[in-house]
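Below is one structure, written out as structure tokens; comments come after it.
What follows is calculated from the coordinates using simple rules that are stated; it is not laboratory data. Since we're looking at a predicted model, the values are computed, not measured. Please note: Cβ atoms are built from the backbone with ideal geometry, for glycine as well, and neighbour counts cover all protein chains shown.
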Amino acid sequence: MKSLLLTCAFVAFGIGTLFSQENEWTLLAQKDSVNISFQYADCIIPDQFNQQRALFKFENTSSKTVQIQFDIHVWDSFGCRTCNDPNSEFKRTITLKKNCVEKGQCIKYEDQAQYLFIKFDDKRYATTNPQREITNFEIQNVVINEVNFQSTK
């Protein structure tokens, strides 16, 4: 699993454009001092096909740094394709400092914990199997752990 210590500062490793109205965030999961929400976004990212993403927003309201682990369950027209994922491809981990809010963005090198690819939305990309497009998703198995940084002096 990937783990990334995020700060609340905006750091962009690529430039992307978000074409969506200022949508409201929809709460997906709430546990202890952490809220996980999402909103759909139509993203135009240089050197990539236009795509729709579900951007995640993580809010840590505690006075401690926390690590959030969770699974994303994804459905298409054939049913849940990740509910019994043996490869842990849809397990995510993110670390948030105290009282921090972190939001996913439409950028090329975004941390995978901060978004879910929904579909390509580009005339240059013709899908051969539209039935495999994501029709629903959920956040499951949320685990919150306090992170204690210790000095190695």
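Most exposed first by the Cβ proxy, i.e. fewest other Cβ within 10 Å, how do LEU28, LEU96 rank?
The most exposed by this proxy come first: LEU28, LEU96.
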Fraction of the pair-distance distribution of region 80-141 above 18 Å, Cα-Cα pairs, percent | 53 percent
Over all Cα pairs of region 26-146, how is the pair count split among 5 Å bins, expressed in % and running from 0 up to the last occupied bin?
-> 2, 11, 20, 21, 20, 14, 8, 3, 1, 0
Point-charge dipole on Cβ atoms (K/R +1, D/E -1) for region 26-146, about Cα centre, debye to 20 = 160 debye
Within the under-14-Å Cβ sphere about LEU96, not counting LEU96, Lys/Arg +1 and Asp/Glu -1 give a net charge of +2
With respect to the cross-link table entries LYS64/LYS103; LYS98/LYS119; LYS31/LYS64; LYS103/LYS123; LYS31/LYS97; LYS31/LYS108, which display a Cα-Cα separation exceeding 25 Å?
-> LYS98/LYS119; LYS103/LYS123; LYS31/LYS108
For GLU59, what charge total do you get from the other residues with a beta carbon under 13 Å from its beta carbon, if Lys and Arg give +1 and Asp and Glu give -1?
-> +3
